[in-house]
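Report on one structure; see the data block that follows.
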Amino acid sequence: MSGRSTRPNVAATAHQSPVAGVQSKISLTLLPDGRFALPREGIKVPTTHILKVPERRYGREARLEESSALLAAAVGLPVSIPTAMSLDGIDALLIERFDRHTANSVVTRLHQEDFAQVLGLPSELKYRRKGKPGRQFDVEAAIWILEQTADPEKARIDFLLATLFNLCIGNADNHAKNHALLYTAGSRHSFAPLHDLTPIRLDDRYTHELSYKLGEAAYFDELTGEDIATFVGQCGVEDIQRTLFRCIGRMKFGCWGTDASVWSPRCMRAPI
């Protein structure tokens, strides 16, 4: 890993996505004795973890993603919490897969579909700006998906709070591949835990265009109170002020448990 390139990923920059195709990922399985192992080549066994390795000069992204997930948990959001670590001086992120169930040392896959898959969209259409009316990821499409879950009201509120949380941490990359439905035995599908939380406003390499429009706003800095109110209304929540204060209040309290050294005031400039 020490030989990883430090040059910008031109393709990723062109597509304006901060994570897709940029970070190396390795699938691992946690063994009963606590060791990790690579799956044997050619055998499609379910793995339990993903090791994500940012480019060396962007190693801080691992701690940022971990801190973002811890903060989401403090807010009360369902979230997959990764672990930032250093391997021979290389920053990395160990992610436990939320679509796995382990019992008696047997790992079972849980079926999950990201929102792009549910909508029948290819990965290149995971952003609203890449699609066109009738074939794009937007708030209306997300609400339609959430209405199919076992508890649509809870799913809509979780999606609402997840969107507000992403705004607060400066993450405009919550695209269709970063939202999913999780299918568990004996129950209907539910809104999957949040994952891939990255405050991209800390990095000027990437666009601050929103993954889906909120009200009339297509960019982070275009957001107004009216846009937020429109979005909250689309999610079926009537008490807008209480919802906003609950999210932001919990977030302020949760900040006490995160590593402040990886954050910058710039990412917290959310216009709400």
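The values are calculated or read from the model by the stated rules, or taken from the named source; none is laboratory data. Just so it is clear, the model here is predicted, and its values are computed rather than measured. Neighbour counts run over all protein chains shown; Cβ positions are idealised from the backbone, glycine included.
Worth pointing out:
- Restricting segment 160-186 to residues that are in a helix (DSSP H, G or I) and either in contact with a Cys (Cβ under 8 Å, 6 or more places away or on another chain) or among the charged types (D, E, K, R) (or both), the residue that is farthest from V237 (Cα to Cα) is K177.
- Matching option when the condition is farther than 28 Å from I248 by Cα and crowded, with 17+ Cβ neighbours inside 10 Å, among L28, L64, L110: L28
- All of (1) part of a loop (DSSP other than H, G, I, E, B); (2) among the small types (G, A, S); (3) at pLDDT below 85 hold for A12 with one exception: (1).
- Checklist (1) modelled with pLDDT under 90; (2) in contact with a strand residue (DSSP E or B) (Cβ under 6 Å, 6 or more places away or on another chain); (3) farther than 20 Å from K126 by Cβ applied to H189, failing item: (3)
- Hits in segment 42-65 (condition: in contact with a strand residue (DSSP E or B) (Cβ under 7 Å, 6 or more places away or on another chain) and either without any contact (Cβ under 8 Å) to a residue 40 or more places away in the chain or hydroxyl-bearing (S, T, Y) (or both)): T47, T48, P54, G59, A62
- Selection status of T198, modelled with pLDDT under 85, of a type in the set (S, T, Y), surrounded by 15 or more Cβ atoms within 10 Å (Cβ to Cβ) and under 29 Å from A92 (Cβ atoms): no
- Of everything in segment 102-135 that is within 17 Å of the chain's Cα centre (by Cα) and part of a strand (DSSP E or B), the residue that is nearest to F231 (Cα to Cα) is D114.
- Residue within segment 136-159 that is assigned to a loop (DSSP other than H, G, I, E, B) and surrounded by 24 or more Cβ atoms within 10 Å (Cβ to Cβ) present: yes
- Extreme residue, surrounded by the fewest Cβ atoms within 10 Å (Cβ to Cβ), among residues of segment 40-61 that are more than 12 Å from T198 (Cα to Cα) and among the charged types (D, E, K, R): E41
- Checked against (1) surrounded by fewer than 17 Cβ atoms within 10 Å (Cβ to Cβ); (2) more than 18 Å from A155 (Cβ to Cβ); (3) without any contact (Cβ under 8 Å) to a residue 40 or more places away in the chain; (4) not aromatic (F, W, Y), R205 passes all but a single condition, namely (3).
- Meets criteria (of a type outside the set (F, W, Y), touching a helix residue (DSSP H, G or I) at 6+ places or on another chain (Cβ under 7 Å) and modelled with pLDDT of 90 or more) for G215: yes
- Conditions (1) at pLDDT 85 or above; (2) crowded, with 18+ Cβ neighbours inside 10 Å; number of the one not met by T102: (2)
- Residue pairs meeting the criteria (Cβ under 8 Å; at least 6 apart or on separate chains; first more than 15 Å from Q117 (Cα to Cα), in segment 129-141; second acidic (D, E) and not in a strand (DSSP E or B)): K130/E124
- Residue check for T29: under 29 Å from S190 (Cα atoms), assigned to a strand (DSSP E or B) and over 14 Å from the mean Cα position of the chain (by Cα): yes
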